[in-house]
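Below is one structure; the comments refer to it alone.
The values are calculated or read from the model by the stated rules, or taken from the named source; none is laboratory data. Because the structure is predicted, anything quoted here is derived from the model rather than measured. Virtual Cβ from ideal backbone geometry, glycine too; neighbours counted across all protein chains shown. When the accessible area is computed, the model is the full protein with side chains, heavy atoms only, and any ligands, DNA or RNA have been set aside. Shrake-Rupley method; radii C 1.70, N 1.55, O 1.52, S 1.80 Å.
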Amino acid sequence: MEHRQFTLEEANALVPWLEETFQRLTGMRQEQTDAQTRLDELLKHRGSNGSSSSNEAMQQAQGNVDRLARLMEERFQDILAEGIIVRDVATGLVDFPSQRDGREVFLCWIGGEEVIGFWHETDRGFAHRQPL
């Protein structure tokens, strides 16, 4: 499969967007956790009170969980659509396919780094990052 190759400049140009996207994903994940907790509480108490208001609240909570899952999936797909390889969403760890000395390597970035300062071989990971 042919995939996009990034120059260091192209990859660095995407860093601010990536940082913002991963921060939004983190916020959405927290919101989804809260919505799921609310749904779980409603489900737990359902037996004790079968009123229609609790059914409405459950449908609303389930809708929130589902909506956030869809939004998170869309943001994730936005990153993949750029040709970026996501290694870990929680930390914002990604690789950009690139060329170095005529062979494919990965430029490596993790959330919080202002610019891409590392690379590694395609058969190696984060632990084998080398400074550019």
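Computed from the C-beta positions of residue 115 and residue 43 and an R0 of 35 Å, the FRET efficiency is 0.15 to the nearest 0.05.
Estimated from helices alone, the mean residue ellipticity of the chain at 222 nm is -19000 deg cm²/dmol (sum of -39500 (n - 2.57) over DSSP H runs with n ≥ 4, per residue). The accessible surface of the chain, taken with every protein chain in place and a 1.4 Å probe, is 50 percent carbon and sulfur. From the alpha carbon centroid of the stretch 99-124 to that of the stretch 18-92 is 31 Å. Please determine, in degrees from 0 to 90 and to the nearest 10, the orientation of helix 8-45 with respect to the longest principal axis defined by the Cα atoms of the chain, where the helix direction is its Cα long axis. Tilt of helix 8-45: around 20 degrees.
Of 43, 14, 25, the residue with the greatest mean-square motion in the GNM of the chain, using alpha carbon springs below 10 Å, is 43. For residue 122 and residue 67, a Förster radius of 35 Å and the Cβ-Cβ distance give a FRET efficiency of 0.45, rounded to the nearest 0.05. Quick check: the angle from helix 52-81's long axis to the longest principal axis of the chain, C-alpha only, nearest 10 degrees? On a 0 to 90 degree scale, this one is about 10. Between residue 26 and residue 86, the simple label model (points 7 Å from Cα in the Cβ direction) yields a spacing of 1.5 nm. Averaged per residue, the chain has 61 square angstrom of accessible surface, using a 1.4 angstrom probe with ligands and nucleic acids left out.
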